[in-house]
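Presented below is the structure to which this report refers.
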């Protein structure tokens, strides 16, 4: 029986466009478009973004910049960018109540790096078996995937800097393969944001410095996933109940009003809400074991506990005091510092609180100087 995932060298040679798009569908990608390879579109904007310091401490964004700006520096024979997407939207389950925190949609199920990455590897393997040279990846590769998606017409880049399929969805994961085949490219889409700026205005921490320009140093997703330390005092109240990532800019986007749910069991909402007390109280190794195979492991146990403590401080629920006190004895000064802030917000920081670490000492001093105002209890989101 013919395997639709096998690459036919004859078709690739005679009908490269149709063959590439057909292979993409057969390997589980919901969307695929093509662009002609050259210098990466909008590369100058990326360089300016880095120069402005908007990547914060994400040093990996500065690795392989030359390849990010022109994929031919890695493979000179690349001719066509095969841009791919898998949709991941699911409706958020009802708020379970209690002291629970929010998780960004993309992290509710299996880690997309594994899910999409394996499909991409199988597709690349099929192409190589047929004699096609190719390379690429998801967002861990030195590829500006949104720039190539925009060039290929796989959505347009919204003011939120997120790729959007007009009137359908922005909830998708992108991947790119650069192949040494000439194929008819797709055309870029026009801008479909118009005068709308809901994403810019809704950002809880005012992380956008302008349309399509995000300062990671103010972004909830950066601080709850990528950063190792504690966010600035002024930003923390804006985190609300978010304990991993943030979806606000996508939730308010009109193009997502009727986003479909893909038939992807691996992306079902298993971790849409987290019990904050449980996250803080769990032993570190048990906490990480619980999230094996999901994106939630990325911040590490200390990062997850830091995030949960900040959310407890924002919730303003006095019932969270016991969990926050547990954080004071954690080995990580970042967790202890977050616990100090949470207890100060809950007006329960011990008068005699002390700590040998300078980071925690600074949190205690901020609380004593009144730079940590009490929380206003948050209602259901």
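What the table shows:
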quantity	calculated
Among (1) touching a helix residue (DSSP H, G or I) at 6+ places or on another chain (Cβ under 7 Å); (2) at pLDDT 95 or above; (3) outside any strand (DSSP E or B), the one test that residue 6 misses	(2)
Filter result for residue 19 (within 19 Å of residue 131 (Cβ to Cβ) and in a helix (DSSP H, G or I))	yes
Single residue of 348, 342, 311 found to be farther than 17 Å from residue 101 by Cα and modelled with pLDDT of 95 or more	348
Region 153-186, subset more than 22 Å from the chain's Cα centre (by Cα) and not in a loop (DSSP other than H, G, I, E, B), residue surrounded by the fewest Cβ atoms within 10 Å (Cβ to Cβ)	178
Pairs where the first residue, in region 271-290, is touching a residue at least 40 places away in the same chain (Cβ under 8 Å) and the second is in a helix (DSSP H, G or I) and surrounded by fewer than 19 Cβ atoms within 10 Å (Cβ to Cβ), C-beta under 6 Å, 6+ apart	280/326; 281/326
Qualifying residue in region 22-35 (condition: part of a helix (DSSP H, G or I) and under 17 Å from the mean Cα position of the chain (by Cα))	no
Spans of helices (runs of 4 or more DSSP H) in region 283-381 with at least 3 residues in contact with a strand residue (DSSP E or B) (Cβ under 7 Å, 6 or more places away or on another chain) and under 29 Å from residue 88 (Cα atoms)	300-315
Any hit, region 275-298, residues being under 29 Å from residue 47 (Cα atoms) and either buried (at least 16 other Cβ atoms within 10 Å of the Cβ) or modelled with pLDDT under 95 (or both)	yes
Listing of strands (runs of 3 or more DSSP E) fully contained in region 71-147 that carry 3 or more residues being farther than 25 Å from residue 59 by Cα	80-87, 100-103
Residue among 252, 173, 248 that alone is touching a helix residue (DSSP H, G or I) at 6+ places or on another chain (Cβ under 6 Å), in contact (Cβ under 8 Å) with a residue 24 or more places away in the chain, in the same structural domain as residue 137 (by TED's automatic domain parsing) and closer than 20 Å to residue 88 by Cβ	173
Condition check for residue 202: in contact with a helix residue (DSSP H, G or I) (Cβ under 8 Å, 6 or more places away or on another chain) and either modelled with pLDDT of 95 or more or buried (at least 19 other Cβ atoms within 10 Å of the Cβ) (or both)	yes
Restricting region 213-254 to residues that are in a strand (DSSP E or B) and touching a strand residue (DSSP E or B) at 6+ places or on another chain (Cβ under 9 Å), the residue that is nearest to residue 146 (Cα to Cα)	214
Qualifying residue in region 336-345 (condition: free of Cβ contacts under 8 Å to residues at least 60 places away in the same chain and either farther than 21 Å from residue 276 by Cβ or surrounded by fewer than 13 Cβ atoms within 10 Å (Cβ to Cβ) (or both))	no
Failed condition for residue 11, given (1) surrounded by 20 or more Cβ atoms within 10 Å (Cβ to Cβ); (2) in contact with a helix residue (DSSP H, G or I) (Cβ under 8 Å, 6 or more places away or on another chain)	(1)
Residue 213, sole failed condition from (1) over 16 Å from the mean Cα position of the chain (by Cα); (2) surrounded by fewer than 18 Cβ atoms within 10 Å (Cβ to Cβ); (3) not assigned by TED's automatic domain parsing to the domain that holds residue 65	(1)
Selection from region 257-281 of residues that are more than 25 Å from residue 313 (Cβ to Cβ) and touching a helix residue (DSSP H, G or I) at 6+ places or on another chain (Cβ under 6 Å)	266
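The values are calculated or read from the model by the stated rules, or taken from the named source; none is laboratory data. None of the values given here were measured: they were computed from a predicted structure. We place every Cβ from the backbone using ideal geometry, glycine too, and count neighbours over all the protein chains shown.
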